[in-house]
Amino acid sequence: PSDLDRAFARMLSHLGRSRVAVLLTHEPDIWRSTESEAVAAWLCHQRSTGLVDAVGASVYDPEDVDALLQTFTPDIVQLPMSWLDQRLEECGRLDALAERGVEVHARSVFLQGVLLCPSQAAPRHLTAAYPELEILLRQLEAAARAASAPRQALCLSSVGRNPRLARIVLGVTSKAELQELVVAWRAAQKLSADAVPRPEIN
C-alpha cells in the first residue's frame with residue numbers, strides 16, 4: 001500500500017470507523033506539485049470503493065482554487081470566509097466552483113476568534129501589522145449593539161447569506177460553546193441584510 005493508503009488506514013483506525021463521509025486534503029501546495037494528479041486519482045479511488053462519500057480539498061486563497069481545478073473537479077472545497085475576508089467571493093472563485101458543481105463549505109467565519117475580540121483587546125501583533133483592525137472591530141461592535149445581537153450572529157449572517165455556500169464549518173470545545181453558537185445562529189436568521197454593514201476604512 002502507498003503512504004496515502006497507510007495514512008488513511010491509520011486515520012480510520014483512530015476514529016474507530018470503517019469509512020467516512022468526507023475526505024479532504026489540507027495541504028493546498030499539493031495541487032501545484034508533480035504529485036497532484038496522483039493524489040486526485042487516489043482520492044477518486046477511495047470514493048469509488050465506497051470508503052468515502054465525497055472528496056475534496058481545503059484551500060486558502062484564489063491561487064489554491066485555480067491549481068485545484070486545473071487538476072480535477074472535487075466534490076467539496078472548504079475555504080476561509082468571514083465578515084472581514086471576502087476575497088474568494090470578490091475575485092469570482094466561488095462562481096468558478098459553482099460552475100463546476102462543487103459544494104463549498106466556509107470556515108474561519110470568526111477569523112480564528114479575532115472578530116470576537118473586544119476592539120480594545122485586539123491582539124497587539126495583529127494591530128501592529130494591520131492598524132485598521134481596531135477600527136473594523138469597533139464597527140462590528142457598533143453594528144452588534146444596533147442590532148441587539150451578539151457579534152457571532154453578525155459574523156454568521158454575513159457569510160450565511162451567500163447563496164454559493166452549502167455549509168459553514170464551526171469548531172467547539174464544549175457543550176456551552178455549542179449552545180452559544182446555536183443561539184447565535186438563531187439570532188442570525190432574524191437579522192436583515194442592512195444589520196450587517198460591510199467593513200469600511202475611511
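The values are calculated or read from the model by the stated rules, or taken from the named source; none is laboratory data. Given the structure is predicted, the values throughout are model-derived calculations rather than measurements. For neighbour counting, all protein chains shown are included, and Cβ atoms are generated from backbone atoms with ideal geometry for every residue, glycine included. Ligands, DNA and RNA are excluded from the accessible area calculation, which covers all protein heavy atoms including side chains. Shrake-Rupley method; radii C 1.70, N 1.55, O 1.52, S 1.80 Å.
Worth pointing out:
- Helix content alone sets the calculated 222 nm mean residue ellipticity of the chain: runs of n ≥ 4 DSSP H residues at -39500 (n - 2.57) each, divided across all residues, give -14000 deg cm²/dmol.
- Under the Karplus curve 6.51 cos²θ - 1.76 cosθ + 1.60, θ = phi - 60°, whole-Hz ³J(HN,Hα) for segment 175-188, x wherever Gly or Pro sits: 4, 5, 5, 4, 4, 5, 5, 4, 4, 5, 5, 5, 5, 4
- The fraction of accessible area contributed by carbon and sulfur in segment 68-202 is 51 percent, rounded to a whole number (1.4 Å probe; ligands and nucleic acids excluded).
- Taking Cα atoms only, the orientation of helix 3-15 departs from the longest principal axis of the chain by about 60 degrees.
- Distance between modelled label sites at residue 130 and residue 34, nm, 7 Å Cα→Cβ extension: 3.8
- Accessible area per residue in Å² at 1.4 Å probe, computed on segment 1-101: 53
- Trypsin sites (Lys or Arg not before Pro) within segment 1-84, DSSP loop, no more than 15 other Cβ atoms inside 10 Å: 17, 19
- The angle between the Cα long axis of helix 62-71 and the longest principal axis of the Cα atoms of the chain comes to about 20 degrees, rounded to the nearest 10.
- Taking the charge dipole of the chain about its Cα centre, with +1 at Lys and Arg Cβ atoms and -1 at Asp and Glu Cβ atoms, the residue from 28, 172, 69 reaching farthest to the positive side is 172.
- Net charge dipole, the chain: roughly 860 debye, given to the nearest 20, about the Cα centre with Cβ charges of +1 for Lys and Arg and -1 for Asp and Glu.
- Debye, to nearest 20: dipole size of segment 73-147, +1 on Lys, Arg Cβ, -1 on Asp, Glu Cβ: 280
- Relative to the Cα centre, the charge distribution of segment 1-114, modelled as +1 at Lys and Arg Cβ and -1 at Asp and Glu Cβ, gives a dipole magnitude of about 580 debye.
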